[in-house]
Amino acid sequence: MLNESFRQWRIYATFLILGGSIGFLSHAYWAQRQLNVSLQTYNELRQYEQSMVAFQLDQDSVNFIAQAVQNVGPTVVRIDALGEDTTSTGSRLRKLLPWEEGFPSFEGDRPTQGTGSGFILSSDGQLVTNAHVVAGSSEVKVTLKDGQVFEGKVMGVDEMTDIAVIKIEATGLPTAKLGSATNLTPGEWAIAIGNPLGFDNSVTVGIISALDRPSAQVGVPDKRVRFIQTDAAINPGNSGGPLLNVRGEVIGLNTAIRADGQGLSFAIPIETAQRIAQQLFTEGKATHPYLGIRMLALDGEGKNYLQTKLPEIAAGLNLDTETGVLVIEVAPDSPAAIANIQVGDILKQVDSQPVSTAFDVQDTVEQSAIGADLNIELKRRGKIRQLTVQPTEFPS
């Protein structure tokens, strides 16, 4: 009886162990299979995701440029200006930067022909371009992308910002969509359209390299512009054409290249171009408020200049701690002189805006109104003073 009971116990134990083993192996098998399926699914999803990302990048890299060009291209024009005024700013600029150099003529003693670009602002034929493109010309030839040719009348030129406007007699023209340069970020895409070196309707692409490049740094110290820097290829003939963002909006007016570098191109922000163009169309000229001072920023370079070139002014300043914009010259009978701004004054705020460079002062003054009160906070011999100046129009 005992042996029989032991035999039954061994049988039960054997079935129990066998069942447990089968269950464990079965669970492991299905778990492994499920894991394999999950890994396969994951890998497939990853491959699909990567392929879609690559596809999207490929699509974006082609289509956003092509779409922008398709939208704006018909609004870009070629401008041919016969003749050249050798006393104009345009001619002087060409000695500094190789903008519109003209093209060789094989038809005898024709006048030098400058070629540039522009774009359409209104459907009734208002165009904008660079002043140096039309320098010395009252009439120009305007060629649309579809081949139509018009005689264009130069309605106004502003040499201080290098902006000019042209009117052609036409209706129903395509117009460029204007964007904004105020929110640009270095590194984002930039697209240039124009007519470089006679190759009409050419497109180049690059990035926004930098913002707020002062005119003196670009090589045109007499201009009142903070330029957009881009590495999109700009060549003679591109001047006056649009610089676009990825949405096909005009963010700048292509203007200049540096002859001593590669990938250094500059554009006027569209806000400046639009503001000046509107004044030129409505009033025939652009006005620029004027104070009549020369300034020097109290940064490292400015302080070094003071110590070496203007030691008599530097002697009265604590250059280790002083900040702001130093007045180093005041024009006689200027608004600044009338307001009692003096050499050695340190500008701290203009129109309630803190200033640290001469360009800060210039920008704020440029936005002010001629004849209106402009509040100035300055430091004179260690004491803060408040003055009011009334800018006049920049003398011709």
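What's the Cα-based Rg to Rh of region 142-253, Rh via Kirkwood? Numbers along the way, then the final one.
On the way: Rg = 14.9 Å, Rh = 15.4 Å.
That ratio is 0.97, to two decimals.
Peptides 369-381, 311-323, 222-234, 352-364 ranked from most to least packed give 222-234, 352-364, 369-381, 311-323, packing being the mean of other C-beta atoms within 10 angstrom over each peptide's residues. Between Ile313 and Glu188, the FRET efficiency from the beta-carbon distance, with R0 = 41 Å, is close to 0.45. A simple spin-label model places the labels of Leu178 and Asn304 4.1 nm from each other, with each point 7 Å out along Cα-to-Cβ. Taking a cut-off of 21 Å, what percent of all Cα-Cα pairs in region 187-320 are separated by more than that? Of all Cα-Cα pairs in region 187-320, 53 percent lie more than 21 Å apart. Cross-link check: pairs Lys309/Lys379; Lys167/Lys285; Lys141/Lys285; Lys223/Lys285; Lys223/Lys379; Lys145/Lys177 evaluated at a Cα-Cα cut-off of 24 Å; pairs beyond the cut-off: Lys223/Lys379. On the basis of the beta-carbon distance and an R0 of 51 Å, Arg247 and Thr392 show a calculated FRET efficiency of 0.80.
The slack in the chain from Ala337 to Lys383, taken as 0.36 nm per residue of separation less the alpha-carbon distance, amounts to 14.6 nm. At a probe radius of 1.4 angstrom, the accessible area of region 219-363 per residue rounds to 42 square angstrom. Note on Ile207 and Gln367: their simple-model spin labels are 2.8 nm apart, each label 7 Å out from Cα toward Cβ. If you filter region 125-206 for GluC sites (Glu not before Pro), then keep DSSP loop positions with at most 14 other Cβ within 10 Å, what is left? Loop-located and lightly packed - Glu169, Glu188. A 1.4 Å probe over all protein chains sorts Ser215, Ser138 by accessible area into Ser138, Ser215, starting with the largest.
The values are calculated or read from the model by the stated rules, or taken from the named source; none is laboratory data. It should be emphasised that the depicted structure is a prediction, and the values quoted were computed from it without experimental measurement. Cβ atoms come from the backbone with ideal geometry, glycine included; neighbour counts cover every protein chain shown. Each accessible area value is taken on the protein alone, full model and side chains, heavy atoms only, with ligands, DNA and RNA left out. Shrake-Rupley method; radii C 1.70, N 1.55, O 1.52, S 1.80 Å.
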